Structure formats: C-alpha cells, structure tokens
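The values are calculated or read from the model by the stated rules, or taken from the named source; none is laboratory data. Values in this document were obtained by computation on a predicted structure and should not be read as measured data. With ideal geometry, Cβ positions are generated from the backbone for all residues, glycine too; neighbour counts draw on all protein chains shown.
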Amino acid sequence: MEWETVIGLEVHVQLSTRSKLFSGTSTAFGAEPNTQANIYDLAMPGTLPVLNGEALRMAVRFGLAIGAEISRQSIFDRKNYFYPDLPKGYQTSQLDYPTVGRGSIVIPLDGGGEKRIGVTRAHMEEDAGKSLHEAFTDGSGIDLNRAGTPLLEIVSEPDLRSAKEAVAYLKKLHSIVRYLDISDGDMSQGSMRCDANVSIRPMGASEFGTRTEIKNINSFRFVEKAINFEARRQRELLEDGGEITQETRLYDSTRDETRPMRGKEVANDYRYFPEPDLLPVVIDDKLIEQIRTELPELPDARRQRFAAEYGLSPYDADVLTANREMADYFERVATACGDAKLAANWVSVELQALLNRENLEIADSPISTANLATLIQRIKDGTISGKIAKTVFEQLASGDAGVDEIIEQQGLRQVTDAGEIEKLIDQVIAENAPQAQQFRNGKQQVLGYLVGQAMKLSKGKANPAQVNQLLRDKLES
Amino acid sequence: MDKSEIDKIATLARLRVSPAEADEVATRIGGILTLIDQMQSVDTAGVEPLAHPLDAVQRLRADEVTETDRRDELLALAPSSRDGLFLVPKVIE
C-alpha cells in the first residue's frame, strides 16, 4: 500500500530580549549557573510578573510577517505541572487567546513550485530552567538561568507531507525570525527547538491516522531523520497488523531512532486557568500599525526583488537572500561596483567558499564590501583578469592591503599593450613550431593550447582576449 | 466526585489527602461543582469572556536588565545546593 506522511510542527523560538519575559533578569547566554535567576524567577512569595513590552512587540512583529491575525486582547494562562526546574509549579503560557492567530508561511518545493503552510497560532510563554542529572550521583542539579526566558511557540497546521517539506518550513521560519531580528534562531544553543507531530495514512485517505509527538529535535538534519524514522516505524507497524499508540517519543540522534519517553504514567493534565497575576494584554491598532511600518523587507519579497531588479537567476536570488546579512552584503557590493551579476557570483561562490573554509559568518567576513566592490571594478575596467582577481581576493582575505595596493605592489596589472603581447606570441610560436604548423594546416583546436602557453609565459597577466586575437592574426597572416 | 477522582487530583496537585479525609474532601469539592453547574446554566450568549475581574489592562515593562546577581544569597535559602546549583533528589533513575 502507498502511504502518505502527515506532519505538523511546534517550534519554540527564543526571543532575543535582553531581559526575561516577566522580570528584569538578564537572559545573556552562557552565564555561570543561577547567576541570572532572581526572586521572581525563583518564585519567591510576594513577587509579581510584569510583562516585557519588547517581547510582546516581537511576537506581534512575527504575526504581521506571516500575515496572521493579531489578538487585540491576549490572555496569559497557567499551565500547571511539577518539576524541579519549574519553581512556580506552573508555566505562564497562553491557551485560548494567544497573541498571534492564524497565518501562513510559503515554502519552496523540491521539484520547483511553492506550497503555503498554515500556521494555527503562535503564543508567548516562558521557558523552564535546566535539570542536570549527570552532575552529581546523589541528586540532580538545577540551574534556573533559563527559567523565565521569553519563547514564542509557533504551531503549524498538519499541512506538511514529507520530512523534506518539514525541513523547508523550518528553514523558512528560521530565515523569517532572523530577518525580523527577534531571535538568533540558533538550534545548537536551543534558541530554536522543534517538536514534530507525525502520522501516516493510506494515500488518498481523508481521515488522519493516530499521531505520535517527537520532542526536542535540535538540528535541521535531525528533523529530517527523526521524521523519516518515525514514518517508517509507523508504516512497518501498521503493515504488520499493529496499531499506533498516541504517545510522546524522543529522537536519539546517536542511534537514529525514536523511542517512547519514560515515566509518563500519569497522562498530562495541565489544569490550565487564567493567570490571575497578569491583566489582559491589550494591543491597539496604533501599536500594530507602528510595528507594521517598522517591518523589514522579508526573505520572499527580497528574493523576488533581487530577481527583478538585478536580473539574478532564481537559484542565486535564493542563495543570496537565505539570510539577511548575506543579502545586505550582496546589495552593498552590487551597488558600489555597478555589476550585480558579477557581485552575485563573487559573493555566492568565492566569498561563500572562503567563509566555509574559515568557518566564519558573513558578519565576520575578512573582506569588506568596499574591497570586494573595488576588486570587481578592476575586473570590469580591464586592470586585472578574472583569474588574477582570485589571487588578489585571497590576499585581501589574509592581509590589510587594499585592492589597488596589492595589484601595484605585486605587478598584477593586466598586460594590454599590443607590442608586449606580440613579443610573447613570437616567443610561443618559436618554441612551439610543430603546434603552430598544425594550426596553419587547419587544426583549429591547437589555438587553445598556444593561448595557454602565452598566458603561462605572461604569468596570467596578459589579456586573454587580446592574446587570442593577436595569435590568430599572426598565424593566419 | 468519587474517591478515585480525588486521588487523581491530589496526585496532580502534589497534595496528600489521607483516606480518612477523602470522603469529606469529596463532599466539599462536590458542593463546589454543583455551584459551578448552577452557574453554567446561566445564558451567556452575547457576553464577552472575562479573564480578569479588574477592569484594567496589563502594563508593560521596558526591556531592561534591572536585577543583579544574588546567587549566593538565594542559594543559601535552599535546603541543599552545590557548585552553584540547587540540589534536589534525583528526578530520573
């Protein structure tokens, strides 16, 4: 039987505020344990929450970016459960009146084309602390630095039909939160965490199958692997006449498998109720309009503009807009050098290779946009060849010298003087008499070899087009 | 409200309800539920949901760090701590 996989994702995005959701404690990453856990975060009696306005604005920003309804009034609720890293005994979250309502995200499909994925809602909530079970043998250690960090939980509709689509959705989400500057989206640091609801059904069926939830998948690659494993497990189980149990499972990346979470004998019953310590949060039209005007250009719009305005191929436009810093960098180079296609090439090929090799982010690029623009101009005005430009590029990366300085100091200027090139050609013809004769006898393809020899003799500095022309003139005369 | 339901709620709320108390607790919670049933019967069509009895809206805080590190002081309040961590009984086997 042919099966169809149905996936919905719940993605937790850590909002990049300076302070926590309900207290003025720092959220900086990597601090010593419990140095960023204060009386409110520790649930000391008598402390009260005050909502971080910036976290609320970030949630609205996200909502507007995905075309979602923004609740004019959102309500916080208590989600009650007991665990040592949750000092209050409840997580403050939103149940019936989340800040962000229904919206959608467009993802690219593998074989071309696009698909619109529904977003059911996005609600604001606080993170829990961290339990360290391995720190000691006689107990568990609790670090509450993360307790109270603002999260936006983004819940998708069950619209995704393959692990690849799930990854595309997650990547698009990542790109959007980075463009909006509301999260660093770093999955390895837990700034973006993903739970996947997975079920399968016979192809063409309209009812959903029983689903399982895979918790806390922490990389794009693992999302794909975990979903593929889980869909295969469900298919084998059903084909063997078994039944799917609705349960929560964990993905184990070292064994590449999912398995049921232990110790969940009491079914979750969170006994939600409205948080009495927080009043309804009112968002008025004025605030929404103000946030709307502050929205940056988003990845989809920018990709379309790059294709239209700069004539980039769909592939180049995609690569160059995947992250905002890359897109900004490209635009600065393209504007300064006046040749978008060359700029796109240099940024997406040479610069990308350099950054990968040095394991750097584009923000830390060793080559400034001004230097790269000058380099491209020197190719355009014929000062250097494209090949020599790569040498200059490497030297820009490793030193402080500017483009013109490197060209002058190392004598890399392209030779365009016809007299000088003719001298080179005479020497090549003299040294390669048999090949020259072959060309004269009609073997056209030998010309490439002779041009190569002349270029080599000039150490790559002769203008290749001129060499070609002059060589041909000489041999045919 | 029977005894098994009381047991379940007590477990979720981490409350100890002795078998001797269970009957009385069941009666009292039963009374509250009857009151709620009575309120449920009121026709609320066209009434805005009310999340909070106060007619006021939430004030917002500027995103500023106002708290300082008071770890030593706060850890000292806990029954047990070690290496800057709160120490609790092992929560997983």
- Task: Report yes if some residue within segment B:15-33 is away from chain A (no Cβ under 14 Å), modelled with pLDDT under 90, over 22 Å from the mean Cα position of the chain (by Cα) and exposed (fewer than 10 other Cβ atoms within 10 Å of the Cβ); otherwise report no.
- Result: yes
- Message: If I filter segment B:34-51 for residues that are modelled with pLDDT under 90 and within 19 Å of the chain's Cα centre (by Cα), do I get at least one hit?
- Response: yes
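Here is a yes/no grid of residues against (1) within 14 Å of another protein chain (Cβ to nearest Cβ); (2) hydrophobic (A, V, I, L, M, F, W, C):
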{"position": "B:S41", "(1), (2)": "no, no"}
{"position": "B:G46", "(1), (2)": "no, no"}
{"position": "B:L60", "(1), (2)": "yes, yes"}
{"position": "B:V65", "(1), (2)": "yes, yes"}
{"position": "B:P79", "(1), (2)": "yes, no"}
{"position": "B:D83", "(1), (2)": "yes, no"}
- Considering residues that are β-branched (V, I, T) and surrounded by fewer than 21 Cβ atoms within 10 Å (Cβ to Cβ), the number found within segment A:71-92 is 1
- Query: Among the residues of segment A:388-428, how many are under 20 Å from A:P366 (Cα atoms), of a type in the set (D, E, K, R) and assigned to a helix (DSSP H, G or I)?
  - Reply: 4
- Checked against (1) surrounded by fewer than 13 Cβ atoms within 10 Å (Cβ to Cβ); (2) modelled with pLDDT of 90 or more, B:R70 satisfies every condition except (1)
- Across segment A:79-114, the tally of residues that are under 24 Å from A:R61 (Cβ atoms) and not aromatic (F, W, Y) stands at 18
- Message: Quick test for you: out of A:E247, A:E224, pick the one residue that is surrounded by 11 or more Cβ atoms within 10 Å (Cβ to Cβ), touching a residue at least 60 places away in the same chain (Cβ under 8 Å), more than 14 Å from every other protein chain (Cβ to nearest Cβ) and under 18 Å from A:L9 (Cα atoms).
- Response: A:E224
- Exactly one of A:L9, A:L21, A:L42 is in the same structural domain as A:T149 (by TED's automatic domain parsing) and closer than 18 Å to A:C194 by Cβ, and that residue is A:L9
- Filtering segment A:166-182 down to residues that are within 14 Å of another protein chain (Cβ to nearest Cβ) and either part of a strand (DSSP E or B) or touching a Leu at 6+ places or on another chain (Cβ under 8 Å) (or both) yields A:I182
- Task: Hey, could you check segment B:57-79 for residues that are over 24 Å from the mean Cα position of the chain (by Cα) and small (G, A, S) and say which is nearest to A:E32 (Cα to Cα)?
- Result: B:A76
- Item | First in segment A:289-307 and outside the structural domain of A:L64 (by TED's automatic domain parsing), second anywhere and surrounded by 18 or more Cβ atoms within 10 Å (Cβ to Cβ) and outside any helix (DSSP H, G or I), Cβ under 6 Å, 6 or more apart | A:F306/A:L312
- Message: So, in segment A:49-71, how many residues would count as being in contact (Cβ under 8 Å) with a residue 24 or more places away in the chain and within 11 Å of chain B (Cβ to nearest Cβ)?
- Response: 9
- Under the condition of being of a type outside the set (A, V, I, L, M, F, W, C) and part of a loop (DSSP other than H, G, I, E, B), which residue from segment A:1-20 is farthest from the other protein chains (Cβ to nearest Cβ)? A:E2
- Scan the strands (runs of 3 or more DSSP E) fully inside segment A:52-165 and keep the ones with 2 or more residues being within 30 Å of A:D318 (Cβ to Cβ). A:103-108, A:114-126, A:150-156
- Message: What pairs come out if I take residues in segment A:97-116 that are in the same structural domain as A:Q73 (by TED's automatic domain parsing) and pair them with residues that are surrounded by fewer than 20 Cβ atoms within 10 Å (Cβ to Cβ) and in a loop (DSSP other than H, G, I, E, B) whose C-beta lies under 7 Å away, six or more apart or interchain?
- Response: A:G101/A:E69; A:R102/A:E69; A:G103/A:G67; A:S104/A:G67; A:K115/A:L109
- Quick one: which residue in A:G185, A:G204, A:G141, A:G190 is modelled with pLDDT under 95 and more than 23 Å from A:T99 (Cα to Cα)? A:G204
- Of (1) exposed (fewer than 12 other Cβ atoms within 10 Å of the Cβ); (2) farther than 30 Å from A:L351 by Cβ; (3) not acidic (D, E), A:Q438 satisfies all except one. Which? (1)
- Query: Within segment A:183-213, how many residues are of a type outside the set (A, V, I, L, M), out of contact with any Phe, Trp or Tyr (no Cβ under 8 Å at 6 or more places or on another chain) and in a strand (DSSP E or B)?
  - Reply: 6
- Message: Can you find a residue that is away from chain B (no Cβ under 11 Å) and outside any loop (DSSP other than H, G, I, E, B) anywhere in segment A:35-48?
- Response: no
- Query: When you scan segment A:434-477, how many residues do you find that are assigned to a helix (DSSP H, G or I) and among the small types (G, A, S)?
  - Reply: 5
- Query: A:S23 is checked against (1) of a type in the set (S, T, Y); (2) outside any strand (DSSP E or B); (3) more than 8 Å from chain B (Cβ to nearest Cβ) and fails just one. What number does that condition carry?
  - Reply: (3)
- Message: Considering only residues that are more than 17 Å from A:N323 (Cβ to Cβ) and in contact with a helix residue (DSSP H, G or I) (Cβ under 8 Å, 6 or more places away or on another chain), which ones fall in segment A:359-374?
- Response: A:P366, A:I367, A:A370, A:N371, A:L372, A:A373, A:T374
- On the given criteria, is B:L87 over 21 Å from the mean Cα position of the chain (by Cα) and either assigned to a helix (DSSP H, G or I) or within 12 Å of chain A (Cβ to nearest Cβ) (or both)? yes
- Pairs where the first residue, in segment A:340-366, is assigned by TED's automatic domain parsing to the domain that holds A:A327 and the second is acidic (D, E) and part of a loop (DSSP other than H, G, I, E, B), C-beta under 8 Å, 6+ apart: A:L355/A:E361
- Check A:V60, A:V50 and return the single one that is in contact with a helix residue (DSSP H, G or I) (Cβ under 6 Å, 6 or more places away or on another chain) and β-branched (V, I, T). A:V60
